[in-house]
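Scroll down for the structure; my scribbles are underneath it.
The values are calculated or read from the model by the stated rules, or taken from the named source; none is laboratory data. Remember, it's a predicted structure, so these values are computed and weren't measured experimentally. All Cβ positions, even for glycine, are placed from backbone atoms using ideal geometry, and neighbour counts span all protein chains on display.
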Amino acid sequence: MVKPLKVIEPGVPDGGLRSGLPCWLEMPEPLTPDTVVAAVDRVLADLDRLGVSDLHLDPQASGYLVRFRKDGAFVDLGRRSCDDAGRLIARLKVMARLAVYRTDVAQEGSLALPEGRGSVRLSTIPTVNGERAVLRFLGVSEAYGDLESLGFDPDFMRRYRALLATPQGLVLVTGPSGSGKTTTLYASIKEIARHQGSYRSIVTLEDPVERNLGDVVQMEVSAERGLTFPTGLKALLRQNPEVLMVGEIRDRETAQIAVQAGLTGHLVLSSLHTSSSVEALIRLQDLGIEPGLVAGAIKALVSQRLVPLLCRHGDSDAVRCSRCGNTGLAGRRAIGELM
């Protein structure tokens, strides 16, 4: 549900952004080739500082609807003309090294945030009203999150940490899209690397690599190079690893290899798009994995969700403020079931 935007007047306390919002509303209109570069840089920096996860530029018959997502909630930033939005998208595509002139095909790329603050993944698609663009912000702060920062309760953490110290088996993190599965996998690998990295070989296979984990060996799936999840997983298993993280189990062959690896002395962490732990077991059987192999390989199933936290920086009679971009929310924490 899109929440109406309430602009806070200038003069916000330290930590707030100009006018309480990204400077989208301060951009000149119409944009010109001379102003679009600075405008895009400024908006990206402000959105990142606000902690925005996504920016949507949606083409409609009356122009482009622009909104961002923060802590799971959409905030409407108003509309821009098709010409302005076209210039913005073109500039973003230049930064992401995409073909600017190709507005008739889907494209994906990434671009760096100012001052080394992280990166942004850009996805564009053609629609009947024009080119749609969605940006996903992958800030540096996310890249260094650990298990404690996720917000799981102490009992969950104690049991889960014990599982990460086991020598073999398959640990699956489940949940719908946007429930924080990848974040949990990254935090889990960092936990293993911190406490066991000196004597365990740790590798990952991802599509794409969203965050650089430093000393961990990370490999990215690439259809152009013929490197799929099954072929990449087979190659990694020949590298003598003890711990593997597979971004997602999407097909039967990947599931078979992951299960076999979990049965043959490897600790395998991966994710499944299912709404519960029980559905994960059903999904593996649907992929053709025999129940006996599933029972032998599965070490644990984690089902998780992200719940929003209310902003507490505002006045007593107004929760929304400049610090939260008027969403009324200030972060999210994970809740999980461990089976």
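Restricting attention to the stretch 186-198, does a residue exist that is outside any helix (DSSP H, G or I), modelled with pLDDT under 95, among the basic types (Lys, Arg) and farther than 23 Å from residue 278 by Cα?
No: the stretch 186-198 contains no residue that is outside any helix (DSSP H, G or I), modelled with pLDDT under 95, among the basic types (Lys, Arg) and farther than 23 Å from residue 278 by Cα.
Here are 174, 204, 166, 183: which of them is of a type in the set (Ser, Thr, Tyr), in the same structural domain as residue 254 (by TED's automatic domain parsing) and in contact with a Ser or Thr (Cβ under 6 Å, 6 or more places away or on another chain)? If you could, list the steps in order and put the result at the bottom.
On the way: 204 fails: in contact with a Ser or Thr (Cβ under 6 Å, 6 or more places away or on another chain); 166 fails: in contact with a Ser or Thr (Cβ under 6 Å, 6 or more places away or on another chain); 183 fails: in contact with a Ser or Thr (Cβ under 6 Å, 6 or more places away or on another chain).
Selected residue: 174, the only one of 174, 204, 166, 183 that is of a type in the set (Ser, Thr, Tyr), in the same structural domain as residue 254 (by TED's automatic domain parsing) and in contact with a Ser or Thr (Cβ under 6 Å, 6 or more places away or on another chain).
Of the residues 260, 239, which is surrounded by fewer than 20 Cβ atoms within 10 Å (Cβ to Cβ), assigned to a loop (DSSP other than H, G, I, E, B) and either in the same structural domain as residue 177 (by TED's automatic domain parsing) or free of Cβ contacts under 8 Å to residues at least 40 places away in the same chain (or both)?
Just a single option satisfies the conditions, and that option is 239.
Please pick out the residue among 226, 296, 247, 288 that is without any contact (Cβ under 8 Å) to a residue 24 or more places away in the chain and either of a type outside the set (D, E, K, R) or touching a strand residue (DSSP E or B) at 6+ places or on another chain (Cβ under 9 Å) (or both).
226
Can you tell me which condition residue 125 does not meet? The list is (1) among the aliphatic types (A, V, I, L, M); (2) outside the structural domain of residue 209 (by TED's automatic domain parsing); (3) assigned to a helix (DSSP H, G or I), and all the others hold.
So residue 125 meets the others, but not (3).
Restricting to the stretch 199-240, and then to whatever is hydrophobic (A, V, I, L, M, F, W, C) and touching an Asp or Glu at 6+ places or on another chain (Cβ under 6 Å), can you tell me which residue is modelled with the highest pLDDT?
Looking at the filtered set, the residue picked out is 221.
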